[in-house]
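Report on the structure given below.
Since every read-out is calculated from the coordinates, none of them should be taken as a lab result. Since the structure is predicted, the reported quantities are computational estimates derived from the model, not experimental observations. All Cβ positions, glycine included, derive from the backbone under ideal geometry; neighbour counts span all protein chains shown.
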Amino acid sequence: MKRLVSLLLVLVLIAAVFTGCSKPGDEEDPQDTPPVEEPDGEDEEPADDPAEGKIVKLGLGQNIKISSSKEKTDEQNAQSQADVTMAAVGFDAEGKVVSVTIDTVQAKVAFDEEMNIDSDIDAEVKTKKDLKDDYGMKPVSEQMGIGKEWYEQMAAFEEWMIGKTVEEIVNLPVKERDENHKHVPDVPELTSSVTITVEGYLAVVEEAAANAR
């Protein structure tokens, strides 16, 4: 009887040993787990370049002239005039124009016979775009066959610049209309919408490109 009990105890111990040494079926052997690869940074893609059509540089250009001022004569009193033309131009990564705004102000100061200021120095000085139809160019442009005010012609000119480089813009073909209009656009896209002389506007756009940051 004792031998039987001893035999049973030995069998239980052997079973316990094998049970303790065996691995559960749902556990993974660490040696079978693939190692985790650490990124070395060599395969990382560089940041994308600025997309075409997105403003990455902005430039400002301006031009001031006083050549339209008038001296006092026997027929007229003196008048000073400052013509200020400004342009704000946005460029994309390829140097093409994405946005452009051009405007001009003609600031006039009249004098009486005694050369005293005869203008309201507190009055608002409006730009040509502010004046819109009050600028009074439409009757003249009607004689040219288009009947558009200055701000409408400038809108067409600005639209023509979009997508072009400054080199393409300043090399715009022009023609002479008369003594006061020697740089009128001479391309099919503008002949029916722009009759103003544009040399001053091209100059401020070119300066804006040079100043772009």
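Quick look at the numbers
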| quantity | calculated |
| --- | --- |
| Residue that is nearest to LEU60 (Cα to Cα) [pool: residues in the stretch 133-153 that are in a helix (DSSP H, G or I) and touching an Asp or Glu at 6+ places or on another chain (Cβ under 8 Å)] | TYR135 |
| Residues within the stretch 117-150 that are farther than 27 Å from ASP186 by Cα and of a type in the set (Gly, Ala, Ser), tallied | 2 |
| Hits in the stretch 163-205 (condition: part of a loop (DSSP other than H, G, I, E, B) and under 16 Å from GLU152 (Cα atoms)) | GLU189, LEU190, THR191, SER192, SER193, VAL194, THR195, ILE196, THR197, VAL198 |
| Selection from the stretch 149-202 of residues that are among the small types (Gly, Ala, Ser) and either under 21 Å from LYS132 (Cβ atoms) or more than 26 Å from the chain's Cα centre (by Cα) (or both) | ALA155, ALA156, SER192, SER193, GLY200 |
| Long-range neighbours under 6 Å by Cβ, at least six apart or interchain, first residue in contact (Cβ under 8 Å) with a residue 60 or more places away in the chain within the stretch 161-174, second part of a strand (DSSP E or B) | MET161/VAL97; MET161/VAL100; ILE162/VAL97; GLY163/LYS96; LYS164/VAL97; THR165/LYS96 |
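The rows are residues; the columns are (1) more than 30 Å from TRP160 (Cβ to Cβ); (2) in contact with a His (Cβ under 8 Å, 6 or more places away or on another chain); (3) among the aromatic types (Phe, Trp, Tyr); (4) surrounded by fewer than 17 Cβ atoms within 10 Å (Cβ to Cβ).
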position: GLN76; (1), (2), (3), (4): yes, no, no, yes
position: ALA87; (1), (2), (3), (4): no, no, no, no
position: GLY95; (1), (2), (3), (4): no, no, no, yes
position: VAL98; (1), (2), (3), (4): no, no, no, no
position: ASP103; (1), (2), (3), (4): no, no, no, no
position: ALA107; (1), (2), (3), (4): no, no, no, yes
position: GLU113; (1), (2), (3), (4): yes, no, no, yes
